[in-house]
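Sharing a structure here in structure tokens format.
The values are calculated or read from the model by the stated rules, or taken from the named source; none is laboratory data. Being a predicted model, the structure only gives us computed values, none of them experimental. Virtual Cβ from ideal backbone geometry, glycine too; neighbours counted across all protein chains shown. We work out accessible area using only protein heavy atoms, side chains counted, and drop any ligands, DNA or RNA first. Shrake-Rupley method; radii C 1.70, N 1.55, O 1.52, S 1.80 Å.
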Amino acid sequence: QVQLVESGGGLVQAGDSLRLSCAASGPGFSSYIMVWFRQAPGKEREFVAGISWSGSSTYYADSVKDRFTISRNNAKNTVYLQMNSLKVEDTAVYYCAAGRVALASGSHLYDYWGQGTQVTVSS
């Protein structure tokens, strides 16, 4: 069982940056694929970014490519999402999740989820 706790969300202006963190507890963090999803009000949860267990592979949604960077520190059991050039449409609750099947965008692939952290971008 892996427990995930997100932090780092907040209220920022368009063009600003934020770094989200997801701290994991429980065994085997370094063997998990880690991902970030987000859910805006009235919308379905959508994939944002993912990283392989070793950190050697990453995958991004087109909407955030070249603006967001996912990374991980297995020694600290933490995954990060650096978000630059934020836009109003990035406003959402951001969730981290862990899985072992594949680095892909389907939420059904991930077994463990955090409670989420709110990111609000104002114009």
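Which fully enclosed strands (runs of 3 or more DSSP E) of region 12-123 have 2 or more residues being touching a strand residue (DSSP E or B) at 6+ places or on another chain (Cβ under 8 Å) and of a type in the set (Ser, Thr, Tyr)? Talk me through it step by step, then tell me what you get.
On the way: elements: 18-25, 33-39, 46-51, 58-60, 68-73, 78-83, 92-99, 117-122.
By residue number, 18-25, 58-60, 68-73, 78-83, 92-99, 117-122.
Taking the conditions exactly as written (surrounded by fewer than 19 Cβ atoms within 10 Å (Cβ to Cβ), under 16 Å from GLN118 (Cα atoms), at pLDDT 95 or above and not hydrophobic (A, V, I, L, M, F, W, C)), does GLN3 satisfy them or not? Break it down stepwise before answering.
On the way: surrounded by fewer than 19 Cβ atoms within 10 Å (Cβ to Cβ): yes; under 16 Å from GLN118 (Cα atoms): no; at pLDDT 95 or above: yes; not hydrophobic (A, V, I, L, M, F, W, C): yes.
No, not satisfied.
Do we have any residue at all in region 55-69 that's in contact (Cβ under 8 Å) with a residue 24 or more places away in the chain, closer than 16 Å to GLN3 by Cα and either touching a Pro at 6+ places or on another chain (Cβ under 9 Å) or open to solvent by 60 Å² or more (accessible area, probe 1.4 Å) (or both)?
No, every residue in region 55-69 fails to be in contact (Cβ under 8 Å) with a residue 24 or more places away in the chain, closer than 16 Å to GLN3 by Cα and either touching a Pro at 6+ places or on another chain (Cβ under 9 Å) or open to solvent by 60 Å² or more (accessible area, probe 1.4 Å) (or both).
Which one is modelled with the highest pLDDT, of the residues in region 73-102 that are in contact with an Asp or Glu (Cβ under 8 Å, 6 or more places away or on another chain) and open to solvent by 30 Å² or more (accessible area, probe 1.4 Å)?
Of everything passing the filter in region 73-102, TYR95 is modelled with the highest pLDDT.
Collect the residues in region 103-123 that are open to solvent by less than 40 Å² (accessible area, probe 1.4 Å), within 12 Å of the chain's Cα centre (by Cα) and of a type in the set (A, V, I, L, M, F, W, C), keeping them in residue-number order.
VAL119
Return yes when SER21 is of a type in the set (Gly, Ala, Ser) and either over 16 Å from VAL119 (Cα atoms) or surrounded by fewer than 16 Cβ atoms within 10 Å (Cβ to Cβ) (or both) and no when it is not.
So SER21 does not fit the description; no.
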